[in-house]
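One structure is given here, and the rest of the page talks about it.
Values in this text are rule-based calculations from the coordinates and carry no lab data. Since the model is a prediction, treat every value here as computed from it, not as a measurement. Cβ placement follows ideal geometry from the backbone for every residue including glycine, while neighbour counts extend to all protein chains displayed.
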Amino acid sequence: MHYLLMYDVSADYLERRGEFRDEHLSLAWAAQARGELVLGGALADPVDASLLLFRGDSPAVAEAFVASDPYVKHGLVTKWRVRPWLTVVGEDAASPIHPAAG
């Protein structure tokens, strides 16, 4: 199953993230190395949110990430939520569905 972790970020996110970026990226790359985090990054134009795609049996892996993330701890993230994502198309889809033949 896939889970999307969605962050809303503060108005001063770009100015403040440098102080915490290495710690945040270390946390993210460690989650990726464990096979938990598939992709992550900030949305652009404007930079007002970030999305992180997790793989797991429950949202617990994404929630554990939030609990350790310095961006959350230091207020750069103003709101977060985890949503299950029912992926059906693509090489890494959790539940691939192909069209009926015919």
Per-residue ³J(HN,Hα) for the range 73-81, Karplus 6.51 cos²θ - 1.76 cosθ + 1.60, θ = phi - 60°, Hz, x for Gly and Pro: 4, 9, x, 6, 9, 8, 7, 9, 7
Tail weight of P(r) past 15 Å, computed on alpha-carbon pairs of the range 2-85, percent: 53
Inter-label distance, nm, simple model (7 Å from Cα along the C-beta direction), residue 25/residue 74: 1.4
Built amide H within the under 5 Å cut-off of residue 78, gap 5+: 8, 9, 10
Residue-averaged 222 nm ellipticity for the chain, from DSSP H runs of 4+ at -39500 (n - 2.57), nearest 500: -7500 deg cm²/dmol
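If R₀ is 30 angstrom, what is the calculated FRET efficiency for the pair residue 100 and residue 44, using the beta carbon separation as r and rounding to 0.05? It would help to have the intermediate numbers written out before the result.
Numbers: r = 38 Å, r/R0 = 1.27.
According to the calculation, E is roughly 0.20.
Compute the relative contact order of the range 2-85 as a whole-number percentage, counting only Cα pairs closer than 8 Å that sit 6 or more residues apart in sequence. Let's see the in-between values first.
Details: 131 pairs, mean separation 42.1, N = 84.
50 percent.
Under a Cβ-Cβ cut-off of 15 Å, what is the net charge of the residues other than residue 2 that fall near it, where Lys and Arg count +1 and Asp and Glu count -1? If you can, show how the numbers build up before the last one.
On the way: positive: 55, 81, 83; negative: 36, 57, 63, 91, 92.
Cβ neighbours under 15 Å give a net charge of -2.
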Environment charge of residue 37, counting only residues whose C-beta is closer than 12 Å and scoring Lys/Arg +1, Asp/Glu -1: 0
Around residue 23: net Lys/Arg minus Asp/Glu count, Cβ-Cβ under 11 Å: 0
Packing-based exposure ordering (other Cβ within 10 Å, fewest first) of 54, 20, 65: 20, 65, 54
Only Lys, Arg (+1) and Asp, Glu (-1) charged, at Cβ; the chain dipole about Cα centre in debye: 200
